[in-house]
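To start, the structure under review is shown below, and the notes come after it.
The values are calculated or read from the model by the stated rules, or taken from the named source; none is laboratory data. What you are looking at is a predicted structure, and each value in this text was computed from that prediction instead of being measured. Cβ placement follows ideal geometry from the backbone for every residue including glycine, while neighbour counts extend to all protein chains displayed. Calculation scope for accessible area: heavy atoms of the full protein, side chains included, ligands and nucleic acids excluded. Shrake-Rupley method; radii C 1.70, N 1.55, O 1.52, S 1.80 Å.
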Amino acid sequence: MLIVPEKDIADLMTRDAAFDAVEQVFAAMASDDAYNFPVVREAIGHEDALYGFKGGFDRAGATLGLKAGGYWPHNLEKRDLINHQSTVFLFDPDTGKPAAMVGGNLLTALRTAAASSVSIKHLARPDAKVLGMIGAGHQATFQLRAALEQRAFDRVIGWNYHPDMLPNIAKVAEDAGLPFEAVDLPGMAEADVIISITSAFAPSLMADHVSPGTHIACMGTDTKGKQEVEAALLARATVFTDEVAQSISIGEAQHAIAAGLIAESDIHQIGAVINGAHPGRTSDTDITLFDGTGVGLQDLAVAARVVDLAQKKGIAIHVDF
Ligand code: NAD
């Protein structure tokens, strides 16, 4: 069995490798070569922690395993540890023997950023110039950095519920040589691509804040009750997702479905666009919306990639098990 500790991930994993891994596994999901297991998420009654498992099997990539982890809200204040903690375990699909244990914290950020990037590659207009960010927390910096690689953006605009956090994303834009401007929510009408990545439980972005031709990646809503955009926006848009079952239950689409504004059959897998089975955007005026709920197979795909890289560099730790 191989171990790749959290401290080694930053030197091993690249945004390009995460992008390729996530794009491939989304495609495998749409061609039924890979599937996710039902998610387990429990309030364990200790340290106010939420703990759970996201797993799956990718037959095409021969990747079997799970990510175990969750959210410990007092880690930072009590122990100077980050609140999100996760570890990925991979198993040999031929034998069931453990194959690898991999630090999952940075990988989660990279695979989530890769998901919105994959959606931009396949759904945004080729001539997109203005990137709009809603959210300015930890994950927003990753989403922005990865998105900037997908189109020749010339400007970043941003809104955040806590405006004092906006310098986090302004810095990423400026490091990439692009001007950043804080806007109000109606100002998002200038954006060609919008990424929302907040922990909100009520919509910020309304249907009339979005211009025709925009691509929106909704990345924050990964739990029942969370919501970032008005349900009516999903009715205006062509809706894509990583996995339909998660989109309608824990994703942004849960609200539009509950309100009867869209049906499950209106939601398409992004993998079908990658595979060429769905045309994706069909005009310059379509609004496309990607509901990125976060699936276990993304975690396994990036972890498998990191294990390969660690082996090539000779830094994976071998354990007889
Ligand atoms: P964070 O705590 O660093 O940032 C939270 C963000 O949400 C900040 O921009 C904050 O201002 C904003 N926010 C807080 N309360 C709000 C409110 N009431 N209305 C609007 N905005 C509000 O968290 P993070 O690590 O950046 O994660 C952001 C979200 O993304 C979380 O909800 C997390 O669960 C989710 N997430 C999703 C995936 C996925 O695969 N889809 C992966 C990782 C994280």
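Observations on the structure shown:
- With 0.36 nm allotted per residue and the present C-alpha distance subtracted, the residue 6-residue 308 stretch has 107.2 nm of extension available.
- The residues 219, 101, sorted by heavy-atom accessible surface at 1.4 Å with ligands and nucleic acids left out, run 101, 219 from largest to smallest.
- In the context of the full set of protein chains, the stretch 1-130 has a per residue accessible area of 48 Å² (1.4 Å probe).
- Dipole moment magnitude, nearest 20 debye, the stretch 235-321 about Cα centre, only Lys, Arg, Asp, Glu C-beta charged: 300
- Accessible surface of residue 67 - all protein chains present, 1.4 Å probe, nearest 10 Å²: 30
- Stretching residue 94 away from residue 199 to a fully extended chain increases their span by 33.9 nm, per 0.36 nm per residue minus the current alpha-carbon distance.
- Full extension of the chain between residue 236 and residue 20 yields a length gain of 74.8 nm, computed as 0.36 nm times the residue separation minus the alpha carbon distance.
- Over all other residues within a Cβ to Cβ distance under 15 Å of residue 10, the charged ones net out to +2, with Lys and Arg as +1 and Asp and Glu as -1.
- Listed by chain and number, the lysines whose alpha-carbon sits under 17 Å from that of residue 121, ignoring those within fewer than 8 places in the same chain, are 129.
- Distance between the pseudo-spin-label points of residue 79 and residue 138 (7 Å out from Cα toward the beta carbon): 1.3 nm.
- Residues 71, 161, 35, sorted by accessible area with the largest first, give 161, 35, 71 [1.4 Å probe; ligands and nucleic acids excluded].
- The relative contact order of the chain, computed from alpha carbon pairs under 8 Å that lie at least 6 residues apart in sequence, is 22 percent.
- Across 165, 29, 133, mean-square fluctuation computed from a Gaussian network of the chain (C-alpha pairs under 10 Å connected) peaks at 165.
- Residue of 249, 31, 283 that the Gaussian network model of the chain assigns the largest fluctuation, springs spanning Cα pairs under 10 Å: 283
- Using a cutoff of 8 angstrom between alpha carbon atoms and counting only pairs six or more residues apart, the relative contact order for the stretch 123-294 works out to 22 percent.
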